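Engineer: Here it is: the structure, laid out below.
The values are calculated or read from the model by the stated rules, or taken from the named source; none is laboratory data. From a predicted model like this one, the values you see are computed outputs, not experimental measurements. Counting neighbours? That spans all protein chains shown, and the Cβs are built from the backbone with ideal geometry, glycine included. Protein only, heavy atoms only, side chains kept; ligands, DNA and RNA dropped before computing areas. Shrake-Rupley method; radii C 1.70, N 1.55, O 1.52, S 1.80 Å.
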Amino acid sequence: MRKGYLEYCILLILKKRPAYVSDILSELKAAHLIVVEGTLYPLMTRLKNSGLLAYRWEESTQGPPRKYYEMTPEGEAFLGELDKAWAEINTVVEHLKGERGESKK
C-alpha cells in the first residue's frame, strides 16, 4: 500500500512542475512523509520505464547536470485514475469511520 501511496504522492508533486529528486524529497519531507534517496531512485526509474515519467538534463551552477523528471501524457492519465481510486478509498474509510462512531453512541 505504501508503494502505491508513494507513487501517487510523487505524481502529485510532478503535476505542479518538473522536479529534481532532491526537490521531490524536500516536498515529501514538508508533507511529513520521510523517504530516503535509496527508495526514491528505483521508484523513479520504474515510473520512467513504465512510460509515466520522462526526464531531461539541466546544467547546474552548483555542480554536475541535474536530472529533472516530468510527467508524460500517460502519467497524467494514470494520475487521473489514482485520483479516482483515492476518492473511492477515502469514501469507504470515511463511511466506516462514521459507522463506527455512530455505534458508540
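Engineer: Could you grab me the full set of residues in the stretch 8-25 that are within 24 Å of I89 (Cα to Cα) and free of Cβ contacts under 8 Å to residues at least 12 places away in the same chain? Even if it seems obvious, please write down each step before you answer.
Structural biologist: From the stretch 8-25, those within 24 Å of I89 (Cα to Cα) are 8-16; that's our starting set.
Of everything in the stretch 8-25, just one residue is within 24 Å of I89 (Cα to Cα) and free of Cβ contacts under 8 Å to residues at least 12 places away in the same chain, namely K16.
Engineer: Anything in the stretch 71-93 that is in a helix (DSSP H, G or I) and under 16 Å from I10 (Cβ atoms)? List them, or say none. Reasoning before the result, please.
Structural biologist: Let us first name the residues in the stretch 71-93 that are in a helix (DSSP H, G or I), namely 73-93.
Hits for the stretch 71-93 are E74, G75, E76, A77, F78, L79, G80, E81, L82, D83, A85, W86.
Engineer: Only one of (1) modelled with pLDDT under 95; (2) closer than 13 Å to A19 by Cα is not met by T61, so which one is it?
Structural biologist: Status for T61: all satisfied but (2).
Engineer: Quick check on Y68: is it touching a helix residue (DSSP H, G or I) at 6+ places or on another chain (Cβ under 8 Å), surrounded by 13 or more Cβ atoms within 10 Å (Cβ to Cβ) and modelled with pLDDT of 95 or more?
Structural biologist: Values: touching a helix residue (DSSP H, G or I) at 6+ places or on another chain (Cβ under 8 Å): no; surrounded by 13 or more Cβ atoms within 10 Å (Cβ to Cβ): yes; modelled with pLDDT of 95 or more: yes.
Taking the combined requirement at face value, the residue does not satisfy it.
Engineer: A further question follows. Please work out if L47 is closer than 13 Å to C9 by Cβ, in contact with a strand residue (DSSP E or B) (Cβ under 6 Å, 6 or more places away or on another chain) and either open to solvent by 40 Å² or more (accessible area, probe 1.4 Å) or not hydroxyl-bearing (S, T, Y) (or both). If you could, list the steps in order and put the result at the bottom.
Structural biologist: On the way: closer than 13 Å to C9 by Cβ: yes; in contact with a strand residue (DSSP E or B) (Cβ under 6 Å, 6 or more places away or on another chain): yes; either open to solvent by 40 Å² or more (accessible area, probe 1.4 Å) or not hydroxyl-bearing (S, T, Y) (or both): yes.
When the stated conditions are applied, L47 passes them.
Engineer: With L28, L53, L33, L43 as the choices, which residue is touching a residue at least 24 places away in the same chain (Cβ under 8 Å) and in contact with a Cys (Cβ under 7 Å, 6 or more places away or on another chain)?
Structural biologist: Working: L28 fails: touching a residue at least 24 places away in the same chain (Cβ under 8 Å); L53 fails: in contact with a Cys (Cβ under 7 Å, 6 or more places away or on another chain); L43 fails: in contact with a Cys (Cβ under 7 Å, 6 or more places away or on another chain).
The unique qualifying residue is L33.
Engineer: Right, here's the next one. Can you find a residue that is part of a helix (DSSP H, G or I), over 19 Å from G4 (Cβ atoms), open to solvent by 90 Å² or more (accessible area, probe 1.4 Å) and at pLDDT below 95 anywhere in the stretch 18-37? Even if it seems obvious, please write down each step before you answer.
Structural biologist: Taking the stretch 18-37 first, the residues part of a helix (DSSP H, G or I) are 21-30, 37.
From what's left, over 19 Å from G4 (Cβ atoms): 21-23, 26, 29-30, 37.
Those still in the list that are open to solvent by 90 Å² or more (accessible area, probe 1.4 Å) too: 29, 37.
Among the residues that remain, those that are also at pLDDT below 95 are: 37.
Yes: the stretch 18-37 contains one or more residues that are part of a helix (DSSP H, G or I), over 19 Å from G4 (Cβ atoms), open to solvent by 90 Å² or more (accessible area, probe 1.4 Å) and at pLDDT below 95.
Engineer: Out of the residues in the stretch 50-65 meeting the condition of being among the aliphatic types (A, V, I, L, M) and outside any loop (DSSP other than H, G, I, E, B), tell me which one is least open to solvent (accessible area, probe 1.4 Å).
Structural biologist: The residue in question is L53.
Engineer: While we're on this one: Of the numbered conditions (1) outside any helix (DSSP H, G or I); (2) surrounded by 16 or more Cβ atoms within 10 Å (Cβ to Cβ), I13 satisfies every one except a single condition; which is it?
Structural biologist: (1) is the only condition that I13 fails.
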